[in-house]
Every structure is written in C-alpha cells, then in structure tokens.
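Colleague: After the structure tokens below, expect a handful of questions from me.
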Amino acid sequence: MKLKKILCALTAAFMAMTILAGCGGEKKEADNKAKNEMKVIRAAGSIDFAPFEFQDETKKEYQGFDMDLIRALGKEMGVKVEISNIAFDGLIPALEAGNIDVIISGMTINDARKKKVLFSDPYYESGLTMVVAANNNNIKAFKDLEGKKVAVQIGTTSAAEVRKIKDVKIVELDTPSICFMELKAGNVDAVVNDRPVNDYFISRGFDGVKSLPDRLTAEDYGIAINKKNPELQKKINAALKKLKENGEYQKIFDKWFSAKREK
Ligand code: GLN
C-alpha cells in the first residue's frame with residue numbers, strides 16, 4: 001500500500017515535471033523563433049544588373065550599389081540580410097508568395113507595381129536610354145525606333161515603354177547581358193535599358209556599341225516590400241533616412257558612381 005502511494009506520488013511528480021519542461025521548451029522555442037524571424041531579412045534581386053547587382057567570380061558575396069545598400073540598411077536595422085538571385089519577372093511573385101521579404105533590384109517605382117507591393121522612399125534616380133551599334137547613324141532618338149527590332153529585359157519598364165512605340169518589333173530576353181549580346185551579333189537594332197546600367201556596360205569595355213543621350217523616361221528606384229508588412233516599410237525608410245544623414249549612403253554612391261570609377 002505504502003509502495004503504491006509512493007509510486008503514485010512519483011508518477012505524478014514526474015508527469016508534472018514533464019509538462020513543465022514541455023511548456024518551458026515550447027516557450028523557449030517560440031522565443032527563439034521570434035528572435036530569428038526578426039534577425040533575418042530575406043532580400044532578392046535579379047543579379048545581372050551591374051553596377052546595382054552582379055556577381056564577381058573573385059568575390060564570395062554579390063556586388064553592387066543595391067547589394068551594399070541593403071546590407072547597410074540591415075546593419076542599421078540590426079538584422080542580418082540574406083540575398084538570393086531571382087529572375088526579374090519572378091521577383092514580385094516571390095514577394096507576394098512570402099518567399100522573400102524585400103526586393104532590391106534597380107526596381108522602378110510605378111503605379112502598376114504599387115498595386116502589388118509597397119515601395120520604400122526612392123533611393124536612386126534613373127531613366128531609360130538606348131544602346132545601338134557604334135556605326136549606326138540612323139537611330140539617334142527614341143522616335144527613330146519605329147518599325148525597328150528592339151531588345152529589352154522581360155518584365156521591365158523598358159519592355160512596357162518600348163511596346164508603346166509604333167510598329168516596333170520587341171524582343172524580350174532574360175537579362176540585359178543577353179540583350180547586349182544580341183545587339184553585338186546584329187540580331188537587333190537597339191537595346192533599351194536603364195541608363196546607369198548601359199553606361200556601366202560600355203565603360204567596362206563592351207565595345208562596338210554606343211549609348212545615346214536621349215532619355216525616354218525618368219524613373220526612381222525603390223525597395224519593394226510585401227503589402228502585408230507596412231512595419232518593415234517604415235523601418236526601411238527610417239534606416240534609409242539615417243544612412244542619407246550620416247554619410248553612409250553617399251559613401252556607397254561614390255563607390256559605384258564616382259567619376260573615377262566610371263573611367
Ligand atoms: N528599372 C527597370 C524596372 O524596374 C529595370 C530593372 C532591372 O532590370 N533590374 O523595370
């Protein structure tokens with residue numbers, strides 16, 4: 001009888017301990033999960049858009065203005081930034097599906113995209129220009145693209161703008177590099193793409209082509225954030241403001257766009 005009582009008491013005590021331990025464990029797990037969630041921001045870009053995002057085989061991390069900026073923003077917000085490479089036309093779907101938290105990819109802020117995502121404050125002023133063969137004297141301005149064959153990156157503002165040109169034959173390709181290759185091979189008459197990317201491409205020694213000064217649009221780049229996360233939008237805007245005030249933004253800008261670098 002006595003033994004039974006002791007056994008009963010022991011079992012009860014053991015059960016209580018297990019339950020308590022279980023609760024404690026679960027709570028700890030939940031805390032850790034919350035902490036981890038806060039600590040990492042999953043960013044993505046289409047990593048073929050130098051000097052904003054590109055791969056340098058000699059370096060482990062993705063390079064470029066956007067890449068430095070998102071890392072600096074993460075540092076300012078006290079979070080770790082993980083960056084993945086997703087094709088440009090897959091970026092907004094990935095954000096909407098919740099697979100990533102932000103897009104940083106030289107993405108132009110526009111009304112069509114605002115229906116699907118939130119944008120940070122503008123962080124870079126850009127616009128579209130065109131590139132043609134160096135010996136092409138027929139195409140001088142955008143109006144000359146009428147009836148011509150023009151390569152653009154799929155899903156971009158260039159694709160949307162070129163489509164408006166009368167009788168144009170639009171060739172939509174995966175990356176700006178492929179567009180430039182097609183131009184060099186003589187398969188298209190022109191490439192329309194973002195001005196800083198066109199200029200960088202040519203400054204890096206891609207010869208036989210020239211960038212024309214005519215600007216089709218003026219566009220601002222923004223960081224895209226899931227519609228359900230206005231808190232993150234606020235945090236990013238506050239961090240961006242801070243980096244502009246403390247000179248960090250300027251440092252990154254000069255690293256990629258100083259006159260010295262362009263040569
Ligand atoms: N700025 C252009 C856009 O938003 C192109 C961006 C890109 O190709 N990475 O459509």
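Colleague: Is it the case that V152 is crowded, with 23+ Cβ neighbours inside 10 Å and in a strand (DSSP E or B)?
Modeller: yes
Colleague: Quick one: E57 ticks every box in (1) at pLDDT 95 or above; (2) closer than 30 Å to V192 by Cα except a single one, so which number is it?
Modeller: Looking at each condition in turn, E57 falls short on (1).
Colleague: Still on this structure: Any idea which of (1) touching a helix residue (DSSP H, G or I) at 6+ places or on another chain (Cβ under 8 Å); (2) closer than 15 Å to M130 by Cβ is the one E182 doesn't satisfy?
Modeller: Going through the list (1) touching a helix residue (DSSP H, G or I) at 6+ places or on another chain (Cβ under 8 Å); (2) closer than 15 Å to M130 by Cβ, E182 breaks only (1).
Colleague: So K255 passes all but one of these: (1) free of Cβ contacts under 8 Å to residues at least 60 places away in the same chain; (2) among the basic types (K, R); (3) over 30 Å from E96 (Cβ atoms). Which condition number does it fail?
Modeller: (1)
Colleague: Quick test of your reading of the structure: R204 fulfils all but one of (1) over 15 Å from Y123 (Cα atoms); (2) within 16 Å of the ligand (Cβ to nearest atom); (3) not aromatic (F, W, Y). Name the failing condition by number.
Modeller: Checking R204 against (1) over 15 Å from Y123 (Cα atoms); (2) within 16 Å of the ligand (Cβ to nearest atom); (3) not aromatic (F, W, Y), the one that fails is (2).
Colleague: Next up: Are any residues in the stretch 121-137 within 14 Å of the ligand (Cβ to nearest atom) and either more than 23 Å from M181 (Cβ to Cβ) or small (G, A, S) (or both), and if so, which ones?
Modeller: P122, Y123, Y124, E125, S126, G127
Colleague: Taking the stretch 153-173, which residues are more than 10 Å from the ligand (Cβ to nearest atom) and acidic (D, E)?
Modeller: D167, E172
Colleague: How about the stretch 174-201: which of its residues are assigned to a helix (DSSP H, G or I), under 23 Å from N138 (Cβ atoms) and within 12 Å of the ligand (Cβ to nearest atom)?
Modeller: The answer is P176, C179, R195, N198.
Colleague: Of the conditions (1) without any contact (Cβ under 8 Å) to a residue 60 or more places away in the chain; (2) within 16 Å of the ligand (Cβ to nearest atom), N246 satisfies every one except a single condition; which number is it?
Modeller: Failing condition for N246: (2).
The rows are residues; the columns are (1) assigned to a helix (DSSP H, G or I); (2) touching a residue at least 24 places away in the same chain (Cβ under 8 Å); (3) away from the ligand (no atom under 14 Å from the Cβ); (4) among the acidic types (D, E).
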{"site": "T58", "(1), (2), (3), (4)": "no, no, yes, no"}
{"site": "E61", "(1), (2), (3), (4)": "no, no, yes, yes"}
{"site": "L73", "(1), (2), (3), (4)": "yes, yes, yes, no"}
{"site": "E82", "(1), (2), (3), (4)": "no, yes, yes, yes"}
{"site": "I92", "(1), (2), (3), (4)": "yes, yes, no, no"}
{"site": "L95", "(1), (2), (3), (4)": "yes, yes, no, no"}
{"site": "G98", "(1), (2), (3), (4)": "no, yes, yes, no"}
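Colleague: Let me ask you something else. For K143, work out the one condition from (1) surrounded by fewer than 19 Cβ atoms within 10 Å (Cβ to Cβ); (2) within 16 Å of the ligand (Cβ to nearest atom); (3) part of a helix (DSSP H, G or I) it doesn't fulfil.
Modeller: Unmet condition: (2).
Colleague: Now a separate question. Out of curiosity, is V168 touching a residue at least 60 places away in the same chain (Cβ under 8 Å) and not basic (K, R)?
Modeller: no
Colleague: Another question, if that's okay. Any idea how many residues of the stretch 216-236 are more than 13 Å from the ligand (Cβ to nearest atom) and surrounded by fewer than 18 Cβ atoms within 10 Å (Cβ to Cβ)?
Modeller: 6
Colleague: OK, next. Among the numbered criteria (1) of a type in the set (G, A, S); (2) farther than 22 Å from F142 by Cα; (3) in contact with a helix residue (DSSP H, G or I) (Cβ under 8 Å, 6 or more places away or on another chain), which one does G208 miss?
Modeller: With (1) of a type in the set (G, A, S); (2) farther than 22 Å from F142 by Cα; (3) in contact with a helix residue (DSSP H, G or I) (Cβ under 8 Å, 6 or more places away or on another chain) applied to G208, the lone miss is (2).
Colleague: Identify, from the list I170, I165, the residue that is outside any loop (DSSP other than H, G, I, E, B), surrounded by fewer than 23 Cβ atoms within 10 Å (Cβ to Cβ) and among the β-branched types (V, I, T).
Modeller: Result: I170 is the single residue among I170, I165 that is outside any loop (DSSP other than H, G, I, E, B), surrounded by fewer than 23 Cβ atoms within 10 Å (Cβ to Cβ) and among the β-branched types (V, I, T).
Colleague: Of all residues in the stretch 101-120, which are part of a loop (DSSP other than H, G, I, E, B), among the hydrophobic types (A, V, I, L, M, F, W, C) and more than 9 Å from the ligand (Cβ to nearest atom)?
Modeller: Result: I104, single match.
Colleague: Any chance you could count how many residues in the stretch 189-211 are in contact with a strand residue (DSSP E or B) (Cβ under 7 Å, 6 or more places away or on another chain), among the hydrophobic types (A, V, I, L, M, F, W, C) and surrounded by fewer than 19 Cβ atoms within 10 Å (Cβ to Cβ)?
Modeller: Residues in the stretch 189-211 being in contact with a strand residue (DSSP E or B) (Cβ under 7 Å, 6 or more places away or on another chain), among the hydrophobic types (A, V, I, L, M, F, W, C) and surrounded by fewer than 19 Cβ atoms within 10 Å (Cβ to Cβ): 1 in total.
The values are calculated or read from the model by the stated rules, or taken from the named source; none is laboratory data. Just so we're clear, the structure is a prediction, and the values are computed from it rather than from any experiment. Positions of Cβ are generated from backbone atoms using ideal geometry, with glycine treated the same way; all protein chains shown enter the neighbour counts.
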